[in-house]
Each structure stands twice: as C-alpha cells, then as structure tokens.
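Reviewing the structure listed below.
Any read-out appearing in this document is the output of simple, stated calculations on the displayed coordinates, not a laboratory observation. No experiment lies behind these values; they were computed from the predicted model shown. Positions of Cβ are generated from backbone atoms using ideal geometry, with glycine treated the same way; all protein chains shown enter the neighbour counts.
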Amino acid sequence: MTPEPPLALLAELTHRCPLRCPYCSNPTALTGSSDELDTATWSRVFAEAAALGCLQVHLSGGEPTARRDIADLVRAASSAGLYTNLITAGVLLDAPKLAALAAAGLDHVQLSVQDAEAVGGDRIGGFAGGHAKKLVAARLIREAGLPLTLNAVVHRQNLGNLPAIIELALALGAGRLEVAHVQYYGWALANRAALLPTRAQLEAATAIVEAARAAHRGRLVIDYVVPDYHAQRPKACMGGWGRRFLAVSPAGRILPCHAAETIPGMAYPTVRETSLREAWYGSPAFARFRGTGWMPAPCQGCERAEQDWGGCRCQAFALTGDAGATDPACALSPHHTLLAEAVADAAVAEAGFTYRQ
Ligand code: SF4
Ligand code: SF4
C-alpha cells in the first residue's frame, strides 16, 4: 500500500549547542559544523518537504539559533509554505535576532527550561547563567508577538519542582506547556540511573498536571508525555515509523525519527543525493518498520498493532539489541521486566550526570 504523505519535517539544523543536557536527544557522536548542510541545501529541503505534503517544519538542533543563517532558513521555510516552529534553548536570542526571525516569517517558538529556577536549571543544563537568559528570551519572544510554548523535560532531579515549572509557564505568558518525561536513548540512556523517576514521583506528577490543567483551562494548555519505563503499553512513537514524520540530520541524513541513527545496519539516504520524496516512498530504510508486516509476535494480530505500531524501534534496539523486537515498554514483551529492573537500579543509584559533550 502506498504510504500517506508526511505531516511534518524535523530539521536538525546543527548539533552545536551551548548547553550540555544529560538527556539530550542528539546522538552521542555529534556532527561537527563543517559537515552541516548549507543554506541553499536546507532551502531546497524545505521546498521538497512542502511539495511532499508536509505542513510544518520544526527547526531544531542542537541549538538552531547557533546557525548564523537562521533567519534565512526561516524565510526559506516560510516562503515554501511551511508553518515554522523554532525549538530553542533561548540562550543565544536577543531582541534584534528575534525581530529578524519574526520578519522572516517565524510562526511559533518552543523554549526549553531545565528547571523552575536558576540553581537547578544551570546545573542540569550544564551552562552557568543559562536560566536567567531563558527568562529574558521568553519576554523577548512575547514582545516580538510570537506565540510561546515552554518545553520542560522532567526526571527524578526536577520533578519536585513541577508546580513551580507550571507557575513559571504562566508567569512567562506561555500559551502551552509541554511536560515531557525523558525518553531513554543516546545521552539519556547513558544517564538513565540518574534520571529515572520512581513510581511515586510519576503518580504525584500526573496528579499535579491534571489539577493544573483544570485550574488553568483557557489560559494554559499542558501537554504531558509519560515515561515508558512505568508503562504497560508503548506510545505510538512518531505516530509509527515512516507514517507521519521525517527528520533530516545536520549532515543531511533523511530519517524516520531523529534517533534512528542509533540503530546499526540501516542505510539512510542523504539529501545530498536523494530527494525527500524518493526517500519517503522508495527508501528501504523507511519501509523497514512501516505498517505491521514487519512485526514479531506478540504484536502480529494484536488489536493495538495499528494504534501503537509496536512502539519505539530505537528503544527496542537500545534495550534488547534487536530493533525488530516488540518495544519492552509493552507488558506483553518478553523483555518487559528490563524496565522494572532499571527503575529499581535507579532508585539506589548515585545522582551524578554524564554531560553531553
Ligand atoms: S537538550 Fe540541551 S544540550 Fe541538547 S540541544 Fe537541547 S538544550 Fe542543547
Ligand atoms: S503486543 Fe505489540 S501491538 Fe500489542 S500492545 Fe504490545 S507493542 Fe502494541
């Protein structure tokens, strides 16, 4: 069956970033600036994405504003007809840069915070003074007339501040807050023992989010991404492999998700040689885990097969060594006990980080 066109492109413009978050979703082997795609190539990629059917582009990284041509890239994406969302740590933003981005057609900004206050935020992000710069950036984003979403990645070392993070989102004028528990691959997997929350922490956080949603209805929308390690069924990662999204890495690899390069033995095409259309419809890598035909037992024939699409391939590989295995987040997986064991190990582990570098 011919796949539906993708809805969105994740453009990882660079791996450069002043911060060093221990849960960063970038690969542990980072791409250097000399290997990054140039402005003209990204502009072509945006046009190809729009022609393929994408409605929006997430301009991400690393830190996308570390690129000196970021306003040109926003203009190219906007001119192609894409809704443009900038995903930023905010520490490189100032008023002139935001004005240039707004004039170039930027539609929306997602600003990350590492905690509710400076001591925790700067420690987790590994960047002194970063939290204060983010507060300034939030004000400038609102003054530039841009809608603001606050992104808070939560884990064992900041979940106690969740009520204060929600208050911060309200104080900064964010219309939306994304509370996302860490997903464990790449740097986060290396730091899993320091980050995994306990069941009690998770349940308290879920109750806080539900109460805040009710209390601030009409003023703040709160998205909540729960951790797989306490789940009984997996999430539909990326809406299913090669079904809704595609990503392009800083060096130009065309990927079904931003972590897909963690799976060995996959030959992903590159925008230097292949169009997004050819990759989406013709690449064996995109076809490999698309749909349900690849699924092993117990996914084959499962009533949830076309709801969660067997979960996350990167997580399946990270935990079992087999990207074609059922995601261990599913209680029906023969590997499900690995998650409970990791939670138990984390509960007695030291809390130190291995920072991204
Ligand atoms: S997670 Fe942290 S280190 Fe990684 S790109 Fe985002 S702000 Fe930078
Ligand atoms: S067996 Fe597979 S399809 Fe069924 S719930 Fe578990 S992961 Fe989803």
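For the stretch 195-235, compute Rg over Rh where Rg is the Cα radius of gyration and Rh is the Kirkwood radius from the inverse mean 1/r over Cα pairs.
Numbers: Rg = 11.8 Å, Rh = 11.4 Å.
Ratio value, two decimals: 1.03.
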Kirkwood Rh for the stretch 207-282 from C-alpha pairs, in Å, is 15.4
Here the stretch 25-86 gives, from Cα atoms, an Rg and Dmax in Å of 11.9, 34
Residue span GLU117 to GLU143: 0.36 nm per residue of separation minus Cα-Cα distance leaves a gain in nm of 7.2 nm
If amide H atoms are modeled at 1.01 Å from N in the peptide plane, then the residues at a separation of 5 or more from VAL154, or on another chain, having amide H under 5 Å from its own are ALA180, HIS181, VAL182
Residues of the stretch 211-236 with backbone N under 18 Å of the label point set 7 Å from the Cα of ALA305 along Cα→Cβ are 234-236
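Semi-axes of the stretch 74-124's equivalent ellipsoid from the Cα gyration tensor, sqrt of 5 times each eigenvalue, largest first, rounded to whole Å?
Numbers: eigenvalues 148, 28, 8 Å².
For the stretch 74-124, the ellipsoid semi-axes come out as 27, 12, 6 Å.
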Of THR14, THR84, THR31, the most mobile residue in a GNM of the chain (C-alpha springs, cutoff 10 Å) is THR31
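Normalising by the residue count of the chain, find the relative contact order in percent from Cα pairs under 8 Å and 6+ residues apart. All intermediate terms of the calculation are to be shown ahead of the outcome.
Details: 701 pairs, mean separation 70.4, N = 357.
RCO, the chain: 20 percent.
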Check: C-alpha center the stretch 292-319 vs C-alpha center the stretch 54-118, spacing in Å is 34
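Above 28 Å lies some portion of the pair distances; for the chain, what is it as a whole percent of all C-alpha pairs?
Numbers: 27874 of 63546 pairs.
Pairs farther apart than 28 Å: 44 percent.
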When the charge dipole of the chain is computed with +1 at the Cβ of Lys and Arg and -1 at the Cβ of Asp and Glu, the Cα pointing farthest to the positive end, of ALA128, GLY252, THR337, is that of ALA128
Bridge orientation stat for the chain from DSSP, antiparallel percent rounded to 5, came to 10
If each part is reduced to its alpha-carbon centroid, the stretch 189-233 and the stretch 1-39 end up apart, in Å, by 25
A chain fully extended from ALA103 to ALA349 at 0.36 nm per residue, minus the present Cα-Cα distance, gains in nm 83.7 nm
The stretch 52-210, Kirkwood Rh and Cα Rg, ratio Rg/Rh at 0.99
Relative to the compact-globule estimate 2.2 N^0.38 Å (N residues), the Cα gyration radius of the stretch 267-357 stands at a ratio of 1.39
If exposed means GluC sites (Glu not before Pro) lying in a DSSP loop and surrounded by at most 12 other beta carbons within 10 Å, then the longest stretch of the chain lacking such sites spans residues 1-272
The stretch 131-290, Kirkwood Rh and Cα Rg, ratio Rg/Rh at 1.03
With only helices counted (DSSP H, runs n ≥ 4, each -39500 (n - 2.57)), the per-residue ellipticity at 222 nm for the chain, to the nearest 500, works out to -10000 deg cm²/dmol
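Would you mind calculating the gained length between ALA267 and ALA128 on full extension (0.36 nm times residue separation, minus the Cα-Cα distance), in nm to one decimal? List each step's numbers first, then the result.
Numbers: separation 139, 0.36 × 139 = 50.04 nm, distance 3.92 nm.
Computed gain between ALA267 and ALA128 is 46.1 nm.
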Gyration tensor on Cα atoms of the stretch 91-166, a ≥ b ≥ c root eigenvalues, a/c under 1.5 rounded, else prolate if a/b beats b/c, else oblate, says prolate
Simple SL model, points at 7 angstrom along Cα→Cβ for TRP294 and SER33; separation in nm is 3.6
Once the in-chain neighbours fewer than 8 apart are removed, the lysines whose Cα is under 25 Å from LYS97 read LYS133, LYS134
